Amino acid sequence: MQALLSQPTKAIIFDMDGTMVDSMPHHTSTWLDFAQKHGVAMEIGELMRRTTGRTGLECVRLILDQPDMAESQAWALVHEKEQLYRDIFGPIFKEVAGFSAFHTATRARGLKVAVGTAGDIHNVEFALGHLQMNPPPDAIARGDEGLSGKPTPAIFLAAAQRIGIAPEHCIVFEDAPFGIEAARRAGMRAVAICTSNTPEELAGPHVIATVHNYEELLQSNFLETLHVP
């Protein structure tokens, strides 16, 4: 673990839902509504295990068991579901505890910041509009750009490429098992944010910290333990 901490860190890549914003209960409820509306009976825990971290396109095809569904049809269904999510979450929007303060501290350390999310542009604009990050992320890689969803590393690798930082110098912050695995496949270290999964579900040899929120990271002086060149 000490070797992982001493490795130079130049950038942080944040997943968005469940990591930056405390949105997963609302994604869960709206995916369940979507499944029921379309006649799919699936236990909610299983539904979320199979979809969290995947792109909307992948989720719709998986839930409806139509792997060859046309992209135009699938994305129309995604937008239907995500609009419902934004309508419900917008009035009660909240960040994961301590995120804004941690982002400010991250910038003060001179680290670059990217977002690597399976979410689409509408959900990204929704979240960033509420968070008002200053400065905004240096780069964003999204699930509606033709990148494969997690656990493949495509989204995180695209984010790193866009900020010009090698994967081994990036730390991913993630709340889902697929995202933790995507970070490993990308050759990146990870911090597990346990907003919707247990520490055991988010374990891995590349995981350098496991917390419930950013307040815990700030209290432990996590950023100060990193080797920032």
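Bear in mind that the values in this text are calculations on the coordinates, not laboratory data. Note that the structure is a prediction, hence the values are computed from the model and not measured. Positions of Cβ are generated from backbone atoms using ideal geometry, with glycine treated the same way; all protein chains shown enter the neighbour counts.
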Spelling it out for V228: with amide H atoms placed in the peptide plane at 1.01 Å from N, the residues 5 or more places away or on another chain with amide H under 5 Å from its amide H are T9
With only helices counted (DSSP H, runs n ≥ 4, each -39500 (n - 2.57)), the per-residue ellipticity at 222 nm for the chain, to the nearest 500, works out to -13000 deg cm²/dmol
Charge tally for neighbours of G110 with beta carbon under 14 Å away, counting Lys, Arg as +1 and Asp, Glu as -1, is +2
Counting Lys and Arg as +1 and Asp and Glu as -1 over every other residue whose Cβ sits under 12 Å from the Cβ of A127, the net charge comes to -4
For segment 145-212, listing GluC sites (Glu not before Pro) in a DSSP loop whose Cβ sees at most 11 other Cβ atoms within 10 Å gives E200
Using eta = 1.002 mPa s and T = 20 °C, Stokes-Einstein with Kirkwood Rh from Cα pairs puts D for segment 69-150, in µm² s⁻¹, at 149 µm²/s
Projected onto the charge dipole of the chain (unit charges on the beta-carbon of Lys, Arg, Asp and Glu, signs +1, +1, -1, -1), the Cα from H79, I13, P25 with the largest positive-side position is that of I13
Dividing the alpha-carbon radius of gyration of segment 1-51 by 2.2 N^0.38 Å, where N counts its residues, gives 1.75
Here D for the chain, in µm²/s, from Stokes-Einstein with a Kirkwood Rh over Cα pairs at 25 °C and 0.890 mPa s, works out to 139 µm²/s
Percent relative contact order for the chain, counting Cα pairs under 8 Å at least six residues apart, stands at 29 percent
In whole Hz, the Karplus estimates of ³J(HN,Hα) for segment 104-112 (6.51, -1.76, 1.60; θ = phi - 60°; x where Gly or Pro) are 4, 5, 4, 5, 5, 7, x, 7, 6
Log10 I(q)/I(0) at q = 0.10, 0.11, 0.23 Å⁻¹ for segment 105-206, from Debye over equal alpha-carbon scatterers, is -0.26, -0.31, -1.36
Simple spin-label estimate for E46/F93, 7 Å along Cα→Cβ, in nm, reads 3.5 nm
Phi-derived 3J(HN,Hα) across segment 182-196 with the Karplus relation (6.51, -1.76, 1.60, θ = phi - 60°), rounded Hz, x for Gly and Pro, is 4, 4, 4, 5, 7, x, 10, 6, 9, 10, 8, 9, 8, 7, 9
So the compactness index of segment 189-229, its C-alpha Rg divided by 2.2 N^0.38 Å, takes the value 1.18
Taking only the alpha-carbon positions of segment 24-92 as identical scatterers, the Debye log10 I(q)/I(0) at q = 0.27 Å⁻¹ comes out as -1.37
Of all trypsin sites (Lys or Arg not before Pro) in segment 46-155, the ones in DSSP coil with at most 15 other Cβ atoms within 10 Å are K94, R109
Rounded to the nearest 10, the angle in degrees between the Cα long axis of helix 71-89 and the longest principal axis of the Cα atoms of the chain comes to 70 degrees
Per segment 144-204, sqrt(5λ) over the Cα gyration tensor eigenvalues, sorted largest first, in Å, gives 20, 13, 9
